[in-house]
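Trainee: Got a structure here, written out as structure tokens. Questions coming.
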Amino acid sequence: MKRPALLGLLVPVSLALGSCGLQPMYAGGSKGPVARTLGDIEVGPIAGQQGWLIRNALMDRLGASGHGAPRYRLEVLLDDQITGFGIRSNNTVTRERRTLRARFKLIDASSQAVLVDATAQSDAGIDVVTSEYAVIAAEQTALENISNDVADQIVSRVALYARRHPPSE
């Protein structure tokens, strides 16, 4: 295809894509509706080491504004499991899967209405080797990685809610 023909094809396609209604999630930067909603969320305590990792990751991603009482509360319940599979003939496990599931609720602080009730999940495979230290380190690293994944999923779903339901002033 020659350049003028290609250019003639690209102009209508780019105009059609521009009018498709797609908008940036975080339009307006820190003053936009999504950022304001995320900044008005208080993350409740979450039990265990997994909870500590998830809560810290959520607080980092939400960027709480700290300007008075929060409008929303985020409650998270975790289920962390390590399942062994890949059994050798001597009944030792050769591979594990660590799965972290989170059920989370975004709650309006004033009315106590549940705005979002959803789940997030991530898992990681772990090789079981003869060194116990190496297995424990691999399990810990897997937990840190899947905690970040779960926190990202939670923030994405809450941001999607905020995009569809912008806060009133």
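Trainee: In the range 118-129, is there at least one residue being free of Cβ contacts under 8 Å to residues at least 24 places away in the same chain and either over 14 Å from the mean Cα position of the chain (by Cα) or surrounded by 14 or more Cβ atoms within 10 Å (Cβ to Cβ) (or both)? Write out each step before concluding.
Mentor: Of the residues in the range 118-129, the ones free of Cβ contacts under 8 Å to residues at least 24 places away in the same chain are 119, 129.
Subset that is either over 14 Å from the mean Cα position of the chain (by Cα) or surrounded by 14 or more Cβ atoms within 10 Å (Cβ to Cβ) (or both): 119, 129.
Taking every residue of the range 118-129 in turn, at least one turns out to be free of Cβ contacts under 8 Å to residues at least 24 places away in the same chain and either over 14 Å from the mean Cα position of the chain (by Cα) or surrounded by 14 or more Cβ atoms within 10 Å (Cβ to Cβ) (or both).
Trainee: Taking the stated definitions as given, is LEU115 in contact with a His (Cβ under 9 Å, 6 or more places away or on another chain), surrounded by 13 or more Cβ atoms within 10 Å (Cβ to Cβ) and under 25 Å from ALA35 (Cα atoms)?
Mentor: Yes.
Trainee: Take residues that are over 30 Å from HIS165 (Cα atoms), touching a strand residue (DSSP E or B) at 6+ places or on another chain (Cβ under 7 Å) and at pLDDT below 90 and tell me which of the strands (runs of 3 or more DSSP E) falling wholly in the range 29-141 contain 1 or more.
Mentor: Ranges flagged: 72-87, 93-108.
Trainee: Hey, any hits in the range 80-98 for a residue that's under 22 Å from the mean Cα position of the chain (by Cα), of a type in the set (Asp, Glu) and within 16 Å of ALA159 (Cα to Cα)?
Mentor: no
Trainee: While we're looking at this one, here's another question. Just wondering, is there one or more residues in the range 78-85 that are over 20 Å from ALA120 (Cβ atoms), of a type in the set (Val, Ile, Thr) and exposed (fewer than 12 other Cβ atoms within 10 Å of the Cβ)?
Mentor: Step one: list which residues in the range 78-85 are over 20 Å from ALA120 (Cβ atoms), which gives 84-85.
Right, trim to of a type in the set (Val, Ile, Thr) and you get none.
Checked the range 78-85: no residue is over 20 Å from ALA120 (Cβ atoms), of a type in the set (Val, Ile, Thr) and exposed (fewer than 12 other Cβ atoms within 10 Å of the Cβ).
Trainee: Looking at TYR133, TYR161, can you tell me which residue is aromatic (Phe, Trp, Tyr), surrounded by 12 or more Cβ atoms within 10 Å (Cβ to Cβ) and either touching a residue at least 24 places away in the same chain (Cβ under 8 Å) or more than 26 Å from VAL34 (Cα to Cα) (or both)?
Mentor: Matching residue, one of TYR133, TYR161: TYR161.
Trainee: Tally time: how many residues in the range 136-158 are among the small types (Gly, Ala, Ser), out of contact with any Ser or Thr (no Cβ under 9 Å at 6 or more places or on another chain) and touching a residue at least 12 places away in the same chain (Cβ under 8 Å)?
Mentor: Qualifying residue count for the region: 3.
The values are calculated or read from the model by the stated rules, or taken from the named source; none is laboratory data. Predicted, not measured: the structure shown is a model, and the values here were computed from it. All Cβ positions, glycine included, derive from the backbone under ideal geometry; neighbour counts span all protein chains shown.
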